[in-house]
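*Asks:* My questions will all concern the structure given below.
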Amino acid sequence: MEKQSTSSTLRTTLTAAAAAFAAYFCMYGFRKPFSVAKFEDEKFFSTDIELKTAIIIGQILGYALSKYIGIKFCSELDSKRRAPTLIGVIVFAHLALLVFAVVPGDWKVAAIFFNGLPLGMVWGLVVRYLEGRRTSDFLLCALCFSFLVAGGVVKDIGLWLINNHNVSESWMPFLTGCILWPPFLVAVTILSRTPEPDKEDILVRVERPKMDGAARWRFFMQLAGGLVPLFLLYFFLTAFRDYRDNYGIEMLTELGYDRDAAVFSRIELPVAVICLLALGCLILVRNSRRSLQLIFSIMIVGSIVLIASNALFVFGMISGFNWMVMIGLGAYLIYVPYNAVLFERMIAATGTVATAVFAIYVADAIGYTGTVGVQLYKDLYAGTSSRLNFFVAFTWLLGVVAIVCLGTAFIYFMQKSKTPDENKVSESRVEGN
């Protein structure tokens, strides 16, 4: 590919960023709206498990299975098949929401399982368009901004359909998806026209080939000492993030904010902006080792924010609303790098030939397994604890685990990554072309 002009590169980057943001934002319209439905006083097949918990677990099981499948599927998928696959998985998920709308309560769990089954592929398919570029930090930050704001917006759309248009809790998810189909199709069309990484991208960020089983195993064994603590943390982190996401309406009800207009968007928007600004600083750091240091610093700050905000709330020094915002900020400062720049820069800093998508999908598969475990533990072993009290206790645990695991991984990757002088060699090669 011929070297693009600066203006052409900027235009391509901004267009790809907007398309990636829109595609994943719209996917949330097929995944998350159901979480604002309460299904109050309904049990799953007369067990002690609440129907909403069973529905959440049903989707997570499908989503988690999708992540395990995606470890192989997204790593090996040919670039020409990405766009048709993206459209196909959303069609499948939307049809499952139609089934969810019409079947009786207990059988909604099966419907939502099939809704989640394809959706776990979407992140990896979109990331494959964006990774391995000199502009990947910016592109991946834009992608992450989508899920930071989409969760709140699509839940507010769901509440709007229920409260203002008397749509039932069963039909609301399907109708929310209908609203988001047109922008999704436009976004995928634009993504499919994004040029592949050029020679300079490959020199700076390492080639990102398709990975077969042997390549995936080799990558894991090369960096296992740092990946294992990161995956362990993600087990708890994903469970924490999903608990806050799925039971936000119940916790806001306990706190007295459940009837506030656009409450989810008001909570998530400042979190999204601060996270975007923090990760946006990485765009200015060319050296991947220094960037990796900054990424770990941001994540450790997130761990401290979790512990500090929990303490302020428990001792009555901040309101419940501000606590929800700060808890979200702390969690997402740790969570967002996993889905974007952490593995991207790790690969570049260590010079390992691999794809960020593979590492992300291993982490996701482990993380959503943790989500299922925590959901079941809450209903079966901590049923007397309110959603709010359980979450407060979970926050203490996550804060401590995060600091230990991040500290361990940071030391490991600083030893494995190239020094700034070694990276200058790669940069000089690029400048000489």
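The values are calculated or read from the model by the stated rules, or taken from the named source; none is laboratory data. This structure is a prediction, so every number in the text was calculated from the model and none was measured. All Cβ positions, glycine included, derive from the backbone under ideal geometry; neighbour counts span all protein chains shown.
*Asks:* Among the residues of the range 139-152, is there at least one that is in contact with a Lys or Arg (Cβ under 6 Å, 6 or more places away or on another chain) and crowded, with 23+ Cβ neighbours inside 10 Å?
*Replies:* Yes; the residues of the range 139-152 include at least one that is in contact with a Lys or Arg (Cβ under 6 Å, 6 or more places away or on another chain) and crowded, with 23+ Cβ neighbours inside 10 Å.
*Asks:* Of the residues V301, V305, only one is surrounded by fewer than 22 Cβ atoms within 10 Å (Cβ to Cβ), touching a Gly at 6+ places or on another chain (Cβ under 7 Å) and within 20 Å of C144 (Cβ to Cβ); which?
*Replies:* V305
*Asks:* Quick one: how many residues across the range 108-137 are closer than 19 Å to L191 by Cβ and under 16 Å from the mean Cα position of the chain (by Cα)?
*Replies:* Residues in the range 108-137 being closer than 19 Å to L191 by Cβ and under 16 Å from the mean Cα position of the chain (by Cα): 14 in total.
*Asks:* Something else now. Collect the residues in the range 276-293 that are surrounded by fewer than 20 Cβ atoms within 10 Å (Cβ to Cβ) and at pLDDT 85 or above, keeping them in residue-number order.
*Replies:* Passing the criteria: L277, R290, Q293.
*Asks:* I've got another one for you. If I filter the range 88-138 down to residues being acidic (D, E) and more than 15 Å from T194 (Cα to Cα), which single residue comes out as surrounded by the most Cβ atoms within 10 Å (Cβ to Cβ)?
*Replies:* D137
*Asks:* Conditions: (1) surrounded by fewer than 24 Cβ atoms within 10 Å (Cβ to Cβ); (2) in contact with a Gly (Cβ under 9 Å, 6 or more places away or on another chain). F315 meets all but one. Number of the miss?
*Replies:* With (1) surrounded by fewer than 24 Cβ atoms within 10 Å (Cβ to Cβ); (2) in contact with a Gly (Cβ under 9 Å, 6 or more places away or on another chain) applied to F315, the lone miss is (2).
*Asks:* When both residues are 6+ apart or on different chains and their Cβ atoms are under 9 Å apart, which pairs have a first residue that lies in the range 31-49 and is within 16 Å of D106 (Cβ to Cβ), and a second that is among the aromatic types (F, W, Y)?
*Replies:* F34/F100
*Asks:* Would a scan of the range 60-82 turn up a residue that is of a type in the set (D, E, K, R) and in contact with a Gly (Cβ under 7 Å, 6 or more places away or on another chain)?
*Replies:* yes
*Asks:* Same structure, new question: Do we find a residue being of a type in the set (V, I, T) and within 30 Å of I274 (Cβ to Cβ) anywhere in the range 139-151?
*Replies:* Within the range 139-151 (the criterion being of a type in the set (V, I, T) and within 30 Å of I274 (Cβ to Cβ)), the answer is yes, since at least one residue qualifies.
*Asks:* Can you tell me which residue is nearest to L284 (Cα to Cα) among those in the range 127-142 that are in a helix (DSSP H, G or I) and of a type in the set (D, E, K, R)?
*Replies:* It comes out as D137.
*Asks:* What helices (runs of 4 or more DSSP H) completely inside the range 326-432 contain at least 3 residues that are surrounded by fewer than 21 Cβ atoms within 10 Å (Cβ to Cβ) and modelled with pLDDT of 85 or more?
*Replies:* Here the list reads 356-381, 387-416.
*Asks:* Looking only at the range 224-231, decide whether some residue is in contact with a Pro (Cβ under 6 Å, 6 or more places away or on another chain) and at pLDDT 90 or above.
*Replies:* No; the residues of the range 224-231 include none that is in contact with a Pro (Cβ under 6 Å, 6 or more places away or on another chain) and at pLDDT 90 or above.
*Asks:* Given (1) at pLDDT 85 or above; (2) surrounded by 24 or more Cβ atoms within 10 Å (Cβ to Cβ); (3) over 15 Å from the mean Cα position of the chain (by Cα), identify the lone condition not met by A18.
*Replies:* (2)
*Asks:* Also, I was wondering about something else. Among the numbered criteria (1) modelled with pLDDT under 90; (2) loosely packed, with under 14 Cβ neighbours inside 10 Å; (3) out of contact with any helix residue (DSSP H, G or I) (no Cβ under 9 Å at 6 or more places or on another chain), which single criterion is violated by E196?
*Replies:* (3)
*Asks:* Within the range 289-322, count every residue that is farther than 30 Å from L252 by Cβ and touching a Ser or Thr at 6+ places or on another chain (Cβ under 7 Å).
*Replies:* Total satisfying the criteria: 2.
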